[in-house]
Amino acid sequence: MELELGEFLGISDQIASIHGQIWNILPMVIILSVAIGLAILMKYNKSVKNYISKYKRYVPFPPTPYDNFDLGQLQKIVDKLSRNFTILITIYGFLFVFIISQNLQHVSYSWTVIIWSGWVLAIIVKTANIALSLTDILETAEINNTVKIASNMIYAYNRYYKHTTYLLVFAVAFSPAVFLSLDEQHHNDFKLWSPQISILTIALGIISIFLVMYYYAQVTDLIRPGIPNIYFMSIFLLATESLSSIYSAPLSSVSVILFGYQFEIPQIILVILFASLTYPATVAGQFIAYEENRRRLKREKKSDSK
């Protein structure tokens, strides 16, 4: 994933510096279609899901302070966490609404607003989903006899609350970047497109940043040794937000060719197409790891049978 982040940053620089080039986007559209097909297959195909579940390498969680807690003690922690997450969502929500409401004039043509908004929204939605999962985590664990796993997840959620409160410092510290003044070219780029196109492309940009942050920052990573990925992703996105003001606006015009037809698209669409190229490579690497694990288990089974 670190390679993907580097590639994505390089993509942004490359697109910004080669403004007059005509891009043939047919290969990117094909790969994007394949990526969407792979995502659907992995999400809904029963055979593929069983294969992944069977041969995915599971790394056990390290011991946590909650390992020996009974259901009563865990329930008290869950109740406190639920209240704390409600407060955390409220704080991030007020911050988001305040920044956006004060900066509506830039929201349609500023990279900084897109990146900051997608990042904050990812934290809000992930926090809300964690709060939702806490409502029945112990009841489900008791029925399925998975209290040990539930205690690990509750500890991970506790750590998530701790780290997202720290990230408030970054959220506030980098928020002034969304107020950076834009030059006349940024305003002209915004006027190139109809409101329907500009709103749709900006929405795609915010959703893309949201998905990257939401799925990359895994909660279980917070109880493993090392620096949590949520910090790597946050620092990368917020640093990119600060630097993005010197590049072309997300709605700047880019010439592309598709099926022999040449036309103009907003730059942000080209960035999304480039970034999506990393997904098939990531999936291919995952399946190579699954297959290697399957072969290893097969060799071990043969060795045990002798």
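Data table
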| read-out | value |
| --- | --- |
| Subset of segment 109-127 (residues that are open to solvent by 10 Å² or more (accessible area, probe 1.4 Å), in contact with a helix residue (DSSP H, G or I) (Cβ under 6 Å, 6 or more places away or on another chain) and either modelled with pLDDT of 90 or more or of a type in the set (Lys, Arg) (or both)) | Leu121, Ile124, Lys126 |
| Among (1) among the aromatic types (Phe, Trp, Tyr); (2) open to solvent by less than 90 Å² (accessible area, probe 1.4 Å); (3) at pLDDT 80 or above - the single one Tyr55 does not satisfy | (3) |
| Hits in segment 249-280 - residues which are among the small types (Gly, Ala, Ser), buried (at least 18 other Cβ atoms within 10 Å of the Cβ) and part of a loop (DSSP other than H, G, I, E, B) | Ala249, Ser252 |
| In segment 208-237, the residues that are small (Gly, Ala, Ser) and within 13 Å of Gly118 (Cβ to Cβ) | Ser208, Ala217, Ser234 |
| Matching residues in segment 60-75 - criterion: being within 24 Å of Arg224 (Cβ to Cβ) and without any contact (Cβ under 8 Å) to a residue 12 or more places away in the chain | Pro60, Pro63, Asn68, Gln73 |
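The values are calculated or read from the model by the stated rules, or taken from the named source; none is laboratory data. No experiment lies behind these values; they were computed from the predicted model shown. Cβ sites come from the backbone with ideal geometry, for glycine too, and all protein chains shown count toward neighbours. Just so you know, the surface numbers come from the protein's heavy atoms only, side chains and all, with ligands and any DNA or RNA stripped out. Shrake-Rupley method; radii C 1.70, N 1.55, O 1.52, S 1.80 Å.
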